[in-house]
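This report concerns only the one structure given below.
Read-outs throughout are calculated quantities, based only on the coordinates presented, and are distinct from any laboratory measurement. Nothing here was measured: the structure is a model prediction, and the numbers come from that model. A quick note on method: Cβ atoms are made from the backbone with ideal geometry, for glycine too, and the neighbour counts reach across all protein chains shown.
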Ligand SMILES: [Ca+2]
Ligand SMILES: [Ca+2]
Ligand SMILES: [Ca+2]
């Protein structure tokens, strides 16, 4: 197969093709720690001493953007409501992009997704209309130069809806006891998070694709929920070979089973296990679902011609690998803020720029019937209409 023809889902214009030049300095400002690279893979993070959190909600100049976001995301002046004095305030949808680099994507979205969840530190999203019945057209703006300021809080295991066991993150008291041992030396929530990640790294990735008859464990994850009770997965054709369905689920789907066997599967499985470990340690977490900025398949299952992509560009490299895929990972509350602890915006290793579509306690909370393989190509819920890169005129 022609490598150049792999992996692009999109119907429209691609004008942002020079990503290789614009990656943020990976890990440049992150304190030395052996475990950061595993946890914050694309970390655009700076760390400040624990115990002195910024006032995240303060908006000193009243332009609708917080001081924190003006300093760390938009790069506008937090003391001036109209930084460039053109009569439009910094909070304006277009104005806020003028001091930084953005990737702007127009997308047609079917459920499942959440517009509220799509607005976070790394991206802004707004509804701009319907493109068809049941299909929402959404504009997403990604801020690849945004940098979170990590301000760890003292570690105190907590109980909340974000630490409670869930359907698949089904930790028990024995797991909780073990995880509290794992984090016992941590003074801050950041240290506890890193301790959990270290512990997670002792689990073994188990490639069961041969048993699943697919290139990842997605069928197991998605189709388990196709009928809300797992019956579809139980009847999934061609499965299993080496293991019974119950054993597959124990090895890659339910956290308690993975914990007992010291195994996990690909990203959706890992997000479940890691999420359960965080929760058992009293660290608030939720699962994030993202898709690549450039999607992999058209609705009819054919590959898109990407011959216009400049050879050697960042995008070209990503396409050439043929590894562009949906990605699950976790957010953890550190210093009171939800921090993406795997791929902030750009995953330099595999996936490239990513669009966040929603967060969830558990994948079982989301209706995945759109992902039923029988309808996968015809009704896959997300398509790109256009993608472009913008360099703000006042960006320094
Ligand atoms: Ca402001
Ligand atoms: Ca301002
Ligand atoms: Ca202005």
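Which value, in nm² and rounded to one decimal, describes the direction-averaged projected area of the C-alpha convex hull of region 58-186? Walk me through the numbers on the way to the answer.
Numbers: hull surface 46.3 nm².
That works out to 11.6 nm², a quarter of the Cα hull's surface.
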Original post:
If each of residue 71 and residue 164 carries a label point 7 Å out from its Cα toward its Cβ, how far apart are those two points in nm?
Top reply: 3.5
**OP:** Could I have the simple spin-label model distance between residue 55 and residue 396, label points 7 Å from Cα toward Cβ, reported in nm to one decimal?
**Re:** 2.5
Subject >> 184, 173 arranged by Cβ crowding within 10 Å, fewest neighbours leading >> reply: 173, 184
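Round to the nearest 0.05 the FRET efficiency obtained for residue 94 and residue 135 when R0 = 22 Å and r is the Cβ-Cβ distance.
Working: r = 25 Å, r/R0 = 1.13.
Using R0 = 22 Å, I get an efficiency of 0.35.
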Original post:
Taking neighbour counts of Cβ atoms within 10 Å as a proxy for exposure, in what order, fewest first, do 354, 395, 286, 58 appear?
Top reply: 58, 395, 286, 354
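Roughly speaking, what is the stretch gain from residue 388 to residue 246, that is 0.36 nm per residue apart minus the C-alpha to C-alpha distance, in nm to one decimal? Write down the numbers at each step before the final one.
Numbers: separation 142, 0.36 × 142 = 51.12 nm, distance 4.51 nm.
Net length gain for the segment: 46.6 nm.
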Original post:
Using a basic spin-label model with each label point 7 Å from the Cα along Cα→Cβ, how many nm lie between residue 202 and residue 187?
Top reply: 2.4
**OP:** Could you let me know the centre-to-centre spacing of region 49-86 and region 118-161, using Cα atoms, in angstrom?
**Re:** 18
